[in-house]
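K.L.:
First the structure, then my questions, so here it is.
The values are calculated or read from the model by the stated rules, or taken from the named source; none is laboratory data. Predicted model, so just to flag it, every value in this text is computed and none were measured. Here Cβ is always computed from backbone atoms with ideal geometry, including for glycine, and neighbour counts include all displayed protein chains. Keep in mind that these areas ignore ligands, DNA and RNA; they rest on the heavy atoms of the full protein, side chains included. Shrake-Rupley method; radii C 1.70, N 1.55, O 1.52, S 1.80 Å.
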Amino acid sequence: MSQTFKDHFSNVAARYADFRPHYPGALFDYLATLVPRNGIVWDCAAGNGQATVDLAAHHHRVIGTDASREQIAAATQRANIEYRVAPAENSGLPDSSVAMVTVAQAMHWFDLPRFYAEVNRVLQPNGVLAVWAYGINQVEGGAINETIQDYYANTVGPYWPPERTLVEEGYQTIPFPFAEITPPRFQMEARWTLEQLIGYFSTWSATNRFIKDKGFNPLESLTAHLEPLWGGKDSQRLVEWPLALRVGRKK
C-alpha cells in the first residue's frame, strides 16, 4: 500500500467529474440504515464529491476530504457538505466525531495501518467503515467488449499502478480489522454513447501514464476501431461494473 500520496488524478480532475460512472442509489439507501442519519459522515478521498453528494442526500452532515487540491476544487457543492484538503491518514477531524467513514474507489492508495488508526480515532463507538470499488467494465456487444478488454489488459495494462490489483480482487485480500457486516450485492450500470465511454477511459491513470510515456493518445486508435461497431454517434450501449463493498463496525 502507498506510503505517500500518489496523485494520479489531479491533472484530470475536470474530466473525472464529467465522465466517471455513478454509484447506485440503492448503495446509499443501504448505508443510511447502518448509522443515525443525524450523525456526521466522513467521506475520505472524496475526489470530485461524486459519492459525497449522494451521502449528503441521506445524512445531516458530510465532510469530504481529499489529498488533491484540484479534485476538491472541482467538487460538487451542497449546503450540508464541507470539503477539506487532507490525506486519508491525517484527516484533522476530532476524536470520536463521526458516525461513519466511507471510501469510494480509493482504499488501494492508502497506507492502511495509518488509515485504520485514523478511522478508529475519529469513529464514535459502534461507528461504521464502508469501502467500495468497481472493477473493469463490461460493454454490450461481443466484439466491442473484446476490444475494450484488450485495451484494458494489453494496451494500457502495463501502465496500471500495482495497487490496481487490489481493485481487481474486490478488496478481498486487504486486512480489514473491523467487525465485518455482510452487505447486499450491488452493481453499477449506465447507458453510454461511445463519446462518454472514451471520456471515461481518458480518466484512467493507465491511459494518462501511457500518453506520458509514449507521447501519443491510444484512445484515438481505440475510437477508430470501435466507431464502425458501435452503431452511430448517438447510439447508447449498456455498460456494467461489478461493485465490491466491505463494511464493518468499530470493535
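K.L.:
Can you confirm whether residue 48 is at pLDDT below 95 and surrounded by fewer than 16 Cβ atoms within 10 Å (Cβ to Cβ)? Spell out the reasoning first.
P.N.:
On the way: at pLDDT below 95: yes; surrounded by fewer than 16 Cβ atoms within 10 Å (Cβ to Cβ): no.
Answer is no for this residue.
K.L.:
Before we move on, is residue 156 over 20 Å from residue 218 (Cβ atoms) and in contact with a helix residue (DSSP H, G or I) (Cβ under 8 Å, 6 or more places away or on another chain)?
P.N.:
The answer is no for residue 156.
K.L.:
Name the single residue that is surrounded by the fewest Cβ atoms within 10 Å (Cβ to Cβ) among those in the stretch 25-37 being modelled with pLDDT of 95 or more and part of a loop (DSSP other than H, G, I, E, B).
P.N.:
33
K.L.:
Can you find, within the stretch 111-145, the residue that is most open to solvent (accessible area, probe 1.4 Å) among those that are among the hydrophobic types (A, V, I, L, M, F, W, C) and over 25 Å from residue 160 (Cα atoms)?
P.N.:
Among them, the one singled out is 117.
K.L.:
Given the conditions (1) at pLDDT 95 or above; (2) loosely packed, with under 14 Cβ neighbours inside 10 Å, which single one is not true for residue 162?
P.N.:
For residue 162, the failing item is (1).
K.L.:
While we're looking at this one, here's another question. Please specify each residue of the stretch 211-251 satisfying the condition of being open to solvent by 70 Å² or more (accessible area, probe 1.4 Å), without any contact (Cβ under 8 Å) to a residue 24 or more places away in the chain and either outside any helix (DSSP H, G or I) or among the aromatic types (Phe, Trp, Tyr) (or both).
P.N.:
216, the sole residue that qualifies.
K.L.:
Which one of these is of a type in the set (Gly, Ala, Ser), within 30 Å of residue 239 (Cβ to Cβ) and out of contact with any strand residue (DSSP E or B) (no Cβ under 6 Å at 6 or more places or on another chain): 75, 106, 79?
P.N.:
Result: 106 is the single residue among 75, 106, 79 that is of a type in the set (Gly, Ala, Ser), within 30 Å of residue 239 (Cβ to Cβ) and out of contact with any strand residue (DSSP E or B) (no Cβ under 6 Å at 6 or more places or on another chain).
K.L.:
Also: Only one of (1) out of contact with any Asp or Glu (no Cβ under 6 Å at 6 or more places or on another chain); (2) within 21 Å of residue 135 (Cα to Cα) is not met by residue 96, so which one is it?
P.N.:
Among (1) out of contact with any Asp or Glu (no Cβ under 6 Å at 6 or more places or on another chain); (2) within 21 Å of residue 135 (Cα to Cα), the lone unmet condition for residue 96 is (2).
K.L.:
Another question, if that's okay. Report, by residue number, each residue of the stretch 86-104 that is farther than 19 Å from residue 178 by Cα and of a type outside the set (A, V, I, L, M, F, W, C).
P.N.:
Result: 87, 90, 91, 92, 94.
K.L.:
Restricting the stretch 82-110 to residues that are open to solvent by 20 Å² or more (accessible area, probe 1.4 Å) and not in a loop (DSSP other than H, G, I, E, B), which is farthest from residue 59 (Cα to Cα)?
P.N.:
This residue is 109.
K.L.:
Could you check how many residues of the stretch 182-222 are out of contact with any strand residue (DSSP E or B) (no Cβ under 7 Å at 6 or more places or on another chain) and over 16 Å from residue 235 (Cα atoms)? Can you show your working first?
P.N.:
First, the residues of the stretch 182-222 that are out of contact with any strand residue (DSSP E or B) (no Cβ under 7 Å at 6 or more places or on another chain): 182, 184-185, 193-196, 198-222.
Imposing the further condition that a residue be over 16 Å from residue 235 (Cα atoms) reduces the set to 182, 184-185, 200-222.
So the answer is 26.
K.L.:
Scan 148, 136, 144 and give me the residue that is closer than 30 Å to residue 236 by Cβ, β-branched (Val, Ile, Thr) and modelled with pLDDT under 95.
P.N.:
After applying the criteria, what remains is 136.
K.L.:
For residue 43, which of the numbered conditions (1) modelled with pLDDT under 90; (2) buried (at least 22 other Cβ atoms within 10 Å of the Cβ) fails to hold?
P.N.:
(1)
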